[in-house]
Structure formats: structure tokens, C-alpha cells
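The values are calculated or read from the model by the stated rules, or taken from the named source; none is laboratory data. Values in this document were obtained by computation on a predicted structure and should not be read as measured data. Please note: Cβ atoms are built from the backbone with ideal geometry, for glycine as well, and neighbour counts cover all protein chains shown. All accessible areas refer to the heavy atoms of the entire protein, side chains included, with ligands and DNA or RNA removed. Shrake-Rupley method; radii C 1.70, N 1.55, O 1.52, S 1.80 Å.
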Amino acid sequence: MLRALFLAAPGAGKGTQGVRLAEKHGVVYLSTGDMLRDHVARETPLGKAAAGMMASGELVPDDLVVEMVLERMTKPSLVPGYVLDGFPRTIQQAEAAYLWGREVGTTFHAVISLAVPREELIRRVVERSRDSGRADDSVETFEHRLDVYDELTEPLLDFYRSRGILLEVDGTGSIAEVEARIDAALAEITID
Ligand code: ADP
């Protein structure tokens, strides 16, 4: 069963492709952004702590996110296959995920990165913000999220490249084109 994650800038299409990929492989799609927005909507303690940071484009602290994700991955039982979107997003989160994987005896098969130029990301989000109503989709906040991505998340590409599991995919073009590239990249690896 596939255990993969998407590592790409905001607006690169992680959600769109993540849902499709999970469906195709019959595994769960887990988006930390969706999980956090759900906490915010339900006004849970985590939601209350995270709301301001999310609205201003900052990351939610590592310990809170790690706890939320690992809880979802292990309770009531270990999730056997998944596509993760939005986690890990920092080196600390990646290390926590690695240690956890060692503990439960699983590893990621693939980390899929979607390369999209910054101008294209901004163009896409301007379109998306018209109907998403997301508080963090204003252009200024979005640009800040891109900066946060470059500073804290982009270094993870090297982390996973050096482990030999990074699949670098061109994220430009139509949804179907990107989907076909992802399928082709995954066809090259072994999924146990
Ligand atoms: P995008 O990929 O478009 O930035 P997400 O829905 O993945 O959007 O995330 C929205 C916000 O949720 C982020 O800007 C951040 O505040 C918070 N968030 C999501 N995942 C994480 C994470 N792994 N670590 C810290 N914060 C996170």
C-alpha cells in the first residue's frame, strides 16, 4: 500500500493531485491544512492556538502538528497506506516522522515534489482566492507563505533526495498532465 507525501510550495497543486493519487491507490488522503482548518472551525484548543498563525501565513508549532498527525496515523489503529499533503514541513517535523516510522517499522515509499515557478503560483492563488474564501489567500499573505516555504520547507528536498526517495515532477501544465507525470514517476519505484 502506497505511503507517499507531497512536498511543494503553496498553490503547487498538492491537494488536487494528492486526492487523485490517494483514490487511485485506495489509501487515505491526509492534509494537515485541512485537519487544522477543521480544528479552527470546531474551536478546539488546537484550533484556537493555530488560527492566528495560519491566517498570517506562519507555520503552526512543530510539536502541535506532529502530535496531531501521529495521533491520526495511529489511532484507533495504524493507517497502512496514505498520501500526506502538508506534512512534514520543517526539518524537525521530518525527523519526528522518521523516528516515528522507525518505531512502527514503516518508511515512505516516495516524496513527490511539484516544481512550479513563483509567478505561476501567485497567478494561481489570485484565481483561487476569488472563490476559496481562505483567510490566508490574500496576495500579501500568500507571498509570505512562499517565503516561509523557501526558508523552512524547501530544505527538505535535499533531506529526501539524499535518502533516495525524492521524485521530482514538473508541476506546470494541466491537472491531467501533472497527474500523468506523477504516475510515470511512481511506476519507476517499488511499492511494497
Ligand atoms: P498551502 O499548502 O496552500 O500552504 P495548507 O492547507 O497546506 O496550505 O496549510 C495552510 C496553513 O496551515 C499553513 O500556512 C500553516 O499555517 C498550517 N500548516 C499546515 N500544515 C502544517 C505543518 N505541517 N506545520 C505547520 N503548519 C502547518
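Go through region 109-127 residue by residue and tally those that are within 13 Å of K14 (Cβ to Cβ) and out of contact with any helix residue (DSSP H, G or I) (no Cβ under 7 Å at 6 or more places or on another chain).
3
Which ones in region 7-25 are within 24 Å of T190 (Cα to Cα), of a type in the set (A, V, I, L, M) and buried (at least 20 other Cβ atoms within 10 Å of the Cβ)?
L7, A8, L21, A22
Which pairs do you get when a residue that is within 12 Å of the ligand (Cβ to nearest atom) and open to solvent by 70 Å² or more (accessible area, probe 1.4 Å), found in region 135-163, comes within reach of a residue that is assigned to a helix (DSSP H, G or I) and of a type in the set (A, V, I, L, M, F, W, C), reach meaning Cβ atoms under 6 angstrom, with the pair 6+ apart or on two chains?
A135/A55
Taking E23 and the conditions (1) free of Cβ contacts under 8 Å to residues at least 40 places away in the same chain; (2) touching a helix residue (DSSP H, G or I) at 6+ places or on another chain (Cβ under 6 Å), which numbered condition does it fall short on, given that it satisfies the others?
Evaluating E23 over (1) free of Cβ contacts under 8 Å to residues at least 40 places away in the same chain; (2) touching a helix residue (DSSP H, G or I) at 6+ places or on another chain (Cβ under 6 Å) leaves (2) as the failure.
Exactly one of these conditions fails for Y98: (1) open to solvent by 70 Å² or more (accessible area, probe 1.4 Å); (2) closer than 17 Å to Y29 by Cβ. Give me its number.
(2)
Identify, please: which residue in region 97-133 is over 19 Å from the mean Cα position of the chain (by Cα) and β-branched (V, I, T) and is, among those, nearest to R161 (Cα to Cα)?
Step by step, filter region 97-133, then rank; the result is V104.
For a quick check of your reading of the model, give me the residue pairs whose first member lies in region 101-113 and is open to solvent by 50 Å² or more (accessible area, probe 1.4 Å), whose second is among the small types (G, A, S), with beta-carbon atoms closer than 7 Å and at least 6 apart or on different chains.
Sorted first by the residue in region 101-113, then by its partner, the pairs are T107/G101.
Are any residues in region 77-96 within 19 Å of G164 (Cα to Cα) and without any contact (Cβ under 8 Å) to a residue 24 or more places away in the chain, and if so, which ones?
Answer for region 77-96, where residues must be within 19 Å of G164 (Cα to Cα) and without any contact (Cβ under 8 Å) to a residue 24 or more places away in the chain: just E95.
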